[in-house]
Structures are given as structure tokens and as C-alpha cells.
Amino acid sequence: GFTELDGAREVATFVIGSSTYAIVLSRGDNGVQIIDISDPTDIVAKDAETDGATFTELDGARGVATFTIGSSTYAIVASQDDDGVQIIDISDVDNIVAKDSMDDTGSLELDAARGVDVFTIGSSTYAIVAAWKDDGVQIIDISDVDNLVAKGSMDDTDGTLELEGAND
């Protein structure tokens with residue numbers, strides 16, 4: 001059942017059909033757990049995944065947001081210890097699938113990624129990620145979940161902004 005809940009840190013809910021689910025991040029297990037919460041008196045474990053060969057950016061999972069593109073539902077996870085983000089297709093809660101990921105290459109603001117939120121402008125979907133060690137934020141175009149594209153960023157390296165220790 002519930003295999004990825006050690007050090008549960010963050011949760012986001014989403015609806016598919018008539019069912020309500022939660023995706024819970026496990027900092028201790030370096031993974032994610034999907035839970036069917038449709039009946040709050042009888043919650044049910046669904047798929048769970050751990051940082052490894054396929055899911056490469058879940059070490060120290062810290063922030064999560066869910067979003068829908070077309071008929072598919074996704075989650076984006078910010079990873080503090082992997083310094084990056086992982087897109088997960090959560091449309092089939094019994095078989096979640098890793099999509100593209102991105103990690104800090106030095107030119108991005110993803111060092112100790114902690115918080116993430118998703119927004120849409122026109123027909124494009126974006127994530128904004130707060131990076132604690134970089135004292136900054138990174139915008140990522142997530143419209144194509146198989147091909148993430150870094151966009152604008154800013155940091156507080158000169159001390160003129162209020163982004164020191166950006167967390168969420």
C-alpha cells in the first residue's frame with residue numbers, strides 16, 4: 001500500500017472523472033505516493049514511485065503542483081536535493097509515468113528547488129520554481145511535458161531584490 005510517505009512534505013489534490021486524488025511528496029523516501037481520497041473514511045493507496053533510473057528528480061522532493069493539458073493530468077515536483085523538477089503523468093493513478101525533467105546546470109535558478117506553481121498564458125503552460133540556494137526563481141515552459149524549456153529567471157545575487165532564501 002502506502003510505500004512513499006516517510007517524511008511526507010507536500011500534497012496537492014486533483015480530480016479525474018468522479019474521483020478525487022492526492023499526490024503526496026516523501027522527502028524521506030525521495031518519492032511520490034498517489035492516494036485515492038474519494039471516500040475520506042477509506043483512503044486507498046495507488047501507484048508510488050521513487051527517485052531512480054526513470055524518475056530522476058525526486059531526491060528531496062519538496063514542492064508539487066498539478067495541471068491539465070488536453071485530457072491528461074500531470075504533476076510537477078520540485079526537488080531540493082536533485083536541484084530540479086520532474087514532470088509526472090498522473091492520468092492513470094495506478095501507473096504514473098515520468099515525463100521530462102530539468103536540473104540546475106549553473107545557468108538556471110534551480111539550486112535547492114523548493115516551491116513550484118503552475119500558470120497559463122494564452123495557449124502555453126508555465127511553472128515558476130523557487131530556488132532556495134540560488135535565492136531566485138526560474139520560469140519553465142511545460143506546455144510540452146516531453147520537452148521542458150527554460151525561460152526567464154531572476155535572483156538576488158546583488159541584494160537588490162527580496163528573493164534571498166526563496167522557498168515557496
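The values are calculated or read from the model by the stated rules, or taken from the named source; none is laboratory data. The structure presented is a predicted model; accordingly, all values stated were derived computationally and were not measured. In this analysis, Cβ positions are derived from the backbone assuming ideal geometry, glycine residues included, and neighbour counts consider all displayed protein chains. When the accessible area is computed, the model is the full protein with side chains, heavy atoms only, and any ligands, DNA or RNA have been set aside. Shrake-Rupley method; radii C 1.70, N 1.55, O 1.52, S 1.80 Å.
Observations on the model:
- Counting only residues that are of a type in the set (Ser, Thr, Tyr) and in a loop (DSSP other than H, G, I, E, B), segment 115-126 holds 1 of them.
- Against the criterion of being under 18 Å from Asn30 (Cα atoms) and open to solvent by less than 60 Å² (accessible area, probe 1.4 Å), Gln86 qualifies.
- All of Thr41, Thr73 fail the test of being more than 16 Å from Leu148 (Cβ to Cβ), surrounded by 15 or more Cβ atoms within 10 Å (Cβ to Cβ) and polar (S, T, N, Q), apart from Thr73.
- Residue within segment 48-59 that is open to solvent by 10 Å² or more (accessible area, probe 1.4 Å), free of Cβ contacts under 8 Å to residues at least 24 places away in the same chain, touching a strand residue (DSSP E or B) at 6+ places or on another chain (Cβ under 8 Å) and among the aliphatic types (A, V, I, L, M) present: no
- Residue within segment 87-99 that is farther than 20 Å from Ile142 by Cα, among the aliphatic types (A, V, I, L, M) and touching a residue at least 40 places away in the same chain (Cβ under 8 Å) present: yes
- Just one residue in the set Val11, Val15 is more than 26 Å from Val137 (Cα to Cα) and open to solvent by 20 Å² or more (accessible area, probe 1.4 Å); that residue is Val15.
- Flag for Ile128 being of a type in the set (Val, Ile, Thr) and open to solvent by less than 10 Å² (accessible area, probe 1.4 Å): no
- The condition of being free of Cβ contacts under 8 Å to residues at least 12 places away in the same chain and either surrounded by 20 or more Cβ atoms within 10 Å (Cβ to Cβ) or among the aromatic types (Phe, Trp, Tyr) (or both) holds for only one of Phe119, Phe67, that being Phe119.
- Once segment 29-38 is narrowed to residues that are out of contact with any Phe, Trp or Tyr (no Cβ under 7 Å at 6 or more places or on another chain) and closer than 20 Å to Ala113 by Cβ, the residue that is surrounded by the most Cβ atoms within 10 Å (Cβ to Cβ) is Val32.
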